[in-house]
Amino acid sequence: MTLRTQVGIIGAGPAGLMLAKLLQMAGIESIIIENRSREYCEARVRAGLIEQWARDCLIDIGLGERLKREGMYHEGIKLRFGDDARGGLHPISFTKLVGKGTTIYGQQEVVKDFNTALIASGVPILFEVEDASVHDLDSKKPKIKFRHDGQPQEIECDFIGGCDGFHGICRPSIPESALQLFDREYPFGWLGILSESPPPDHELIYSYTERGFALYTMRSPTVSRLYLQVDHDEDIDNWSDDRIWDELHRRLHGARKLEEGKIVQKGITPMRSFVTEPMQHGRLFLAGDSAHIVPPTGAKGMNLAFADVRVLARAIAAFYKSGATELLERYSETVLPRVWKAQRFSWWMTQLLHRFPHENAFDQRRQLAELDYVAGSVAASTTLAENYAGLPID
Ligand code: RFL
Ligand code: PHB
């Protein structure tokens, strides 16, 4: 069967869902296809931190009701390093420095809110599709082929939103010769757990220790999200619950009391930085993780996905309004400067806070000096604050 729409979107993650919503608000039709089930997407534990502008944007588009009620607004973060009477805790207040804060609200909650709103207002999301492929990208009628409920299907559209994440099919469908890829892999990953216990502090603690980095964040006042730096090829089976808690206690260095709870989810994520240039080919436009990946230390991934599709939705809307293709042609050059600034910041936070296998005592002293500088200098902490809470967006 052939379905016809204006914009065919592959992937029902933050990028695809926000794109569909912004297009709907501009009176433009779309269909989303997703290879996982709705239940799977709504249970997948990932990002948790939303920049100030992204929070404002979710509220503006009518998706802020639960976010305002259940999201935890934070004025800043705490860096922890070294030893002093306060356990090495150094608060950085974003609201004081740059007048912006951040919000903790799980990515799967954002996904649930979008699914509910889009489906209720008639935007089709086809879950559990198989074998998606994209065709005729250089024509004015690109196509998406896939199978749904075992039947072959096709979407004929004007534009394709490639929002299918890092392992999707959109980026690999662009001829290799048309793309330049920029990549950095890190020699470590994050072991993340979700625990039914209160977080050690009401704000996030980023802890630099001799034993490696740890991050203490949360999903609610009674649910903690805790991460440990581990080797990049570490096997989760080597980490019993007892070992995880022991390491989390050690890396908190007595700065706060850490309550243990039932671990309800655990997994290891490799860390990499990756950018595709350009982010478009013919009528296929990549957005979010399909075009770029950041290490999670700067909490930028989901926010960047939202920033991309804001620009893309505006360009598509301009096309339908007047036939103008200029914004579409300039999509990559418009979004890439923000992408690269987020890359730089995520890399900077990562190299500042993690232990590296080949570092020596000089590198450790340098990291400690930089942490001390960031915590103690208004200029340096303002730089951190304006990047972390989100660079300005137009
Ligand atoms: P997603 O979320 O991967 O969505 C892509 C969707 O496409 C589907 N898909 C396909 N559908 C149809 N056909 C195919 N062939 C398909 N292939 C894939 C997938 O099932 C999926 O539903 O990409 P999107 O929308 O670009 O969103 C990006 C974000 O998910 C990602 O950047 C963040 O989760 C990164 N991230 C964080 N970002 C933040 O902004 N703040 C954070 O605090 C933060 N913390 C994190 C993170 C990511 C982490 N992990 C697990 C990678 C913490 C961690 C541990
Ligand atoms: C999270 O809450 O999962 C989170 C917060 C900040 C990060 C990464 C992850 O830098």
Quiz prompt | Every residue from region 207-219 that is surrounded by fewer than 24 Cβ atoms within 10 Å (Cβ to Cβ) and either closer than 15 Å to Leu258 by Cα or of a type in the set (D, E, K, R) (or both) | solution = Glu210, Arg211, Leu215, Thr217, Arg219
Quiz item: Phe319 fails exactly one of the following numbered conditions: (1) under 19 Å from the mean Cα position of the chain (by Cα); (2) buried (at least 17 other Cβ atoms within 10 Å of the Cβ). What is the number of that condition?
Solution: (1)
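Could you say whether any residue in region 168-190 is of a type in the set (Ser, Thr, Tyr), touching a helix residue (DSSP H, G or I) at 6+ places or on another chain (Cβ under 7 Å), open to solvent by 10 Å² or more (accessible area, probe 1.4 Å) and within 16 Å of ligand 1 (Cβ to nearest atom)? It would help to see each step written out before you state the result.
The initial filter retains those residues of region 168-190 that are of a type in the set (Ser, Thr, Tyr), namely 173, 177, 186.
Checking which are touching a helix residue (DSSP H, G or I) at 6+ places or on another chain (Cβ under 7 Å) leaves us with 186.
In the following step, the residues that additionally are open to solvent by 10 Å² or more (accessible area, probe 1.4 Å) were identified as 186.
Retained after the next criterion (residues that are within 16 Å of ligand 1 (Cβ to nearest atom)): 186.
Yes.
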Quiz item: Can you find even one residue in region 247-270 that is within 14 Å of ligand 1 (Cβ to nearest atom), in contact with a Ser or Thr (Cβ under 9 Å, 6 or more places away or on another chain) and open to solvent by less than 10 Å² (accessible area, probe 1.4 Å)?
Solution: no
Self-check item: Filtered residue count, region 44-73, keeping only those that are open to solvent by less than 20 Å² (accessible area, probe 1.4 Å), within 14 Å of ligand 2 (Cβ to nearest atom) and small (Gly, Ala, Ser)
Solution: 3
Self-check item: Residue selected from region 1-17 under the condition surrounded by fewer than 24 Cβ atoms within 10 Å (Cβ to Cβ) and not in a loop (DSSP other than H, G, I, E, B), by the criterion farthest from the chain's Cα centre (by Cα)
Solution: Thr2
Quiz item: Got a sec? Which helices (runs of 4 or more DSSP H) wholly within region 328-394 have at least 3 residues that are farther than 30 Å from Gly282 by Cβ and among the aromatic types (Phe, Trp, Tyr)?
Solution: 331-353
Quiz item: In this structure, does His292 turn out to be under 23 Å from Met349 (Cβ atoms) and in contact with a Leu (Cβ under 9 Å, 6 or more places away or on another chain)?
Solution: yes
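Using the structure shown, decide if Ala299 is open to solvent by 10 Å² or more (accessible area, probe 1.4 Å) and aliphatic (A, V, I, L, M).
On the way: open to solvent by 10 Å² or more (accessible area, probe 1.4 Å): yes; aliphatic (A, V, I, L, M): yes.
When the stated conditions are applied, Ala299 passes them.
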Quiz item: Mind checking which pairs have a first residue in region 232-259 that is farther than 12 Å from Leu215 by Cα and at pLDDT 95 or above and a second that is open to solvent by 20 Å² or more (accessible area, probe 1.4 Å) and part of a helix (DSSP H, G or I), Cβ under 6 Å, 6 or more apart or different chains?
Solution: Leu258/His249
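Within region 26-76, which residues are assigned to a loop (DSSP other than H, G, I, E, B), within 14 Å of ligand 1 (Cβ to nearest atom) and either acidic (Asp, Glu) or closer than 20 Å to Glu386 by Cα (or both)? Lay out the reasoning, then the answer.
Taking region 26-76 as the starting set, the residues that turn out to be assigned to a loop (DSSP other than H, G, I, E, B) are 26-29, 34-37, 44-48, 51, 61-64, 71, 75.
Still in the running and within 14 Å of ligand 1 (Cβ to nearest atom): 34-37, 44-48, 51, 71.
Scanning region 26-76 gives Glu34, Ala47, Gly48, Glu51.
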Practice problem: May I ask you to list pairs of residues, at least six apart or on different chains, whose Cβ atoms are under 6 Å apart, with the first in region 174-185 being in contact (Cβ under 8 Å) with a residue 60 or more places away in the chain and the second being of a type in the set (Asp, Glu) and surrounded by 10 or more Cβ atoms within 10 Å (Cβ to Cβ)? | Solution: Gln180/Glu277
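Just a yes or no: is a residue in region 271-291 within 20 Å of Glu203 (Cα to Cα) and surrounded by fewer than 17 Cβ atoms within 10 Å (Cβ to Cβ)? Break it down into steps so the answer makes sense when it comes.
Filtering region 271-291 for residues within 20 Å of Glu203 (Cα to Cα) gives none.
Checking region 271-291: not a single residue is within 20 Å of Glu203 (Cα to Cα) and surrounded by fewer than 17 Cβ atoms within 10 Å (Cβ to Cβ).
The values are calculated or read from the model by the stated rules, or taken from the named source; none is laboratory data. Treat the numbers as computed from the prediction; the structure is a model and nothing was measured. All Cβ positions, glycine included, derive from the backbone under ideal geometry; neighbour counts span all protein chains shown. Side chains included, ligands, DNA and RNA excluded: accessible areas come from the protein's heavy atoms. Shrake-Rupley method; radii C 1.70, N 1.55, O 1.52, S 1.80 Å.
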